[in-house]
Amino acid sequence: MSTATTRINLSAPWIDERDEELVLDVLRSGWLSLGPTGPRFEAMIAEATGAPYAAAVSSGTAGLHLCMRLAGVEPGDEVITSPYSFVASANCAIYEGATPVFADIDARTLNLDPAAVEAAVTERTKAVVAVDIYGYPCELDELRAICDRHGLALIQDACEALGATYKGAPVGSQGPSAVFAFYPNKQITTGEGGMVTTHSEEEHSLLVSLRNQGRADGGGWLEHARLGFNYRIDDVRSAIGIAQLEKLPEILAGRSAAATRYDQLLGDVDGLVLPCADDAEHERSWFVYVVALPSGTDREAVIAALEERGVQTARYLPCIHLQPYMRERYGFREGLCPVAEDASARTLALPFHTQIEEDDQAYVAEALRAALE
Ligand SMILES: Cc1ncc(COP(=O)(O)O)c(C=O)c1O
């Protein structure tokens with residue numbers, strides 16, 4: 001319930017006795033890293049996403065990096081991605097010496113515009129990292145057709161989209177390797193952690209080797225078949241992941257109900273653009289609730305007014321190409337992706353998580369209305 005000393009946080013994980021119980025089991029088992037819990041977590045993600053193989057990794061970023069390795073991305077290559085995403089969508093290419101190329105987004109979905117991707121392809125393009133931003137599935141079939149036509153690898157950055165469906169099937173089931181992330185603001189959390197789902201047995205065994213210092217199946221602990229990384233996830237975190245997955249249906253339903261409540265509370269605010277609605281082919285898994293403020297609004301003043309009333313918000317998302325290191329390294333400037341830049345200047349994430357209270361949402365909506373007046 002909201003009071004004069006209200007503090008409504010942007011996000012909060014949902015951890016309960018079940019998470020504690022499963023973590024305690026692992027701690028008591030003495031098998032802290034590569035025990036039996038990681039494979040159980042992987043099997044549950046494979047089932048939830050409809051992908052035949054899943055490899056758990058230490059973060060979504062690590063998973064994206066390994067996908068670049070699998071795609072054979074090398075220095076001199078270009079990798080096309082969305083400017084309206086978290087930096088890891090582009091950084092994974094830079095880690096392998098490739099150049100990130102930004103294609104503009106669709107103003108409604110905030111996901112990559114396939115026509116812009118097509119226009120960005122050059123003879124140096126090696127891969128496309130397609131992001132399901134804010135849990136809304138990207139235009140996978142169109143992007144896949146472009147990649148097939150030009151012989152490019154397609155990686156789905158589904159870090160924000162566990163539980164989303166595309167054309168009636170879960171994200172992860174369609175074929176391209178997909179990467180999920182489990183930071184505490186995500187639908188499910190392991191503290192830190194990620195997962196790569198794939199439809200290729202060969203890719204899966206390579207992922208398992210690469211995340212584990214390049215060790216090979218059947219080889220000894222001190223035998224390294226290839227250059228790898230320590231991108232493992234331990235059994236303690238996998239135990240949290242299992243407890244979280246057990247309540248995934250409840251989590252998805254709770255977040256969806258919270259989003260519907262915001263839609264109702266804010267639907268009549270003049271000029272305010274709410275997150276795009278699902279359609280027959282796209283069903284969002286609710287990650288964050290991001291609105292676009294009416295054009296011409298002083299976003300900083302709105303943020304300050306909300307902060308004054310104890311409502312935490314975030315400027316989701318700054319354009320990747322306009323980050324200081326990107327400007328410096330590649331000379332990217334304003335005007336490169338006008339649709340993304342306009343969205344980025346106007347969008348604001350409101351407090352949103354599985355267990356957010358209805359009263360708090362009403363308070364946030366009222367505070368936002370007041371700030372906009
Ligand atoms: C779209 C997207 N890609 C990649 C990542 C990276 O995930 P992690 O923070 O687990 O490395 C995130 C998470 O913040 C994300 O939202």
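Can you go through Ala48, Ala54, Ala107, Ala90 and tell me which one is of a type in the set (Gly, Ala, Ser), in contact with a helix residue (DSSP H, G or I) (Cβ under 7 Å, 6 or more places away or on another chain), closer than 25 Å to Ala314 by Cβ and away from the ligand (no atom under 14 Å from the Cβ)?
Exactly one of Ala48, Ala54, Ala107, Ala90 is of a type in the set (Gly, Ala, Ser), in contact with a helix residue (DSSP H, G or I) (Cβ under 7 Å, 6 or more places away or on another chain), closer than 25 Å to Ala314 by Cβ and away from the ligand (no atom under 14 Å from the Cβ), namely Ala107.
Could you please find all residues in region 122-136 being hydroxyl-bearing (Ser, Thr, Tyr) and within 11 Å of the ligand (Cβ to nearest atom)?
Tyr134 - this is the single residue of region 122-136 that is hydroxyl-bearing (Ser, Thr, Tyr) and within 11 Å of the ligand (Cβ to nearest atom).
What do you reckon, is Ala253 surrounded by 22 or more Cβ atoms within 10 Å (Cβ to Cβ) and either away from the ligand (no atom under 16 Å from the Cβ) or of a type in the set (Asp, Glu) (or both)?
no
Would you be able to say whether some residue in region 193-204 is part of a loop (DSSP other than H, G, I, E, B), among the hydrophobic types (A, V, I, L, M, F, W, C) and within 13 Å of the chain's Cα centre (by Cα)?
no
Anything in region 168-202 that is modelled with pLDDT of 95 or more and farther than 20 Å from Ala88 by Cβ? List them, or say none.
Across region 168-202, the qualifying residues are Gly168, Ala169, Pro170, Ser173, Gln174, His199, Ser200, Glu201, Glu202.
Answer with yes or no whether Lys247 is on the phi > 0 side of the Ramachandran plot, away from the ligand (no atom under 16 Å from the Cβ) and of a type in the set (Lys, Arg).
no
Being closer than 22 Å to Arg232 by Cβ and within 16 Å of the ligand (Cβ to nearest atom), is that true of even one residue in region 20-41?
Yes, the conditions are met somewhere in region 20-41.
Got a sec? Which of Arg211, Arg237, Arg226 is open to solvent by 50 Å² or more (accessible area, probe 1.4 Å) and within 14 Å of the ligand (Cβ to nearest atom)?
None of the others qualify; the one that does is Arg237.
Condition (residue is in contact (Cβ under 8 Å) with a residue 24 or more places away in the chain, under 26 Å from Arg255 (Cβ atoms) and open to solvent by less than 10 Å² (accessible area, probe 1.4 Å)) applied to region 321-328: is it met by at least one residue?
no
Please go through region 344-371 and pick out each residue that is within 14 Å of Ala314 (Cα to Cα) and open to solvent by less than 20 Å² (accessible area, probe 1.4 Å).
Ser344, Thr347, Leu348, Ala349, Leu350, Pro351, Phe352, Val364, Leu368, listed by residue number.
Which of the residues belonging to region 70-83 are out of contact with any Phe, Trp or Tyr (no Cβ under 9 Å at 6 or more places or on another chain) and either open to solvent by 10 Å² or more (accessible area, probe 1.4 Å) or within 13 Å of the ligand (Cβ to nearest atom) (or both)?
The answer is Leu70, Ala71, Gly72, Glu74, Pro75, Gly76, Asp77, Glu78.
Please go through region 167-201 and pick out each residue that is of a type in the set (S, T, N, Q), touching a helix residue (DSSP H, G or I) at 6+ places or on another chain (Cβ under 7 Å) and within 12 Å of the ligand (Cβ to nearest atom).
Matches in region 167-201: Gln187, Thr189, Thr190.
Which one of Glu21, Glu42 is open to solvent by 60 Å² or more (accessible area, probe 1.4 Å) and either under 30 Å from Ala169 (Cβ atoms) or at pLDDT 95 or above (or both)?
Of the residues listed, the single one that is open to solvent by 60 Å² or more (accessible area, probe 1.4 Å) and either under 30 Å from Ala169 (Cβ atoms) or at pLDDT 95 or above (or both) is Glu21.
The values are calculated or read from the model by the stated rules, or taken from the named source; none is laboratory data. Just so it is clear, the model here is predicted, and its values are computed rather than measured. All Cβ positions, even for glycine, are placed from backbone atoms using ideal geometry, and neighbour counts span all protein chains on display. Remember, those area values only see protein heavy atoms, side chains included, never the ligands or the DNA or RNA. Shrake-Rupley method; radii C 1.70, N 1.55, O 1.52, S 1.80 Å.
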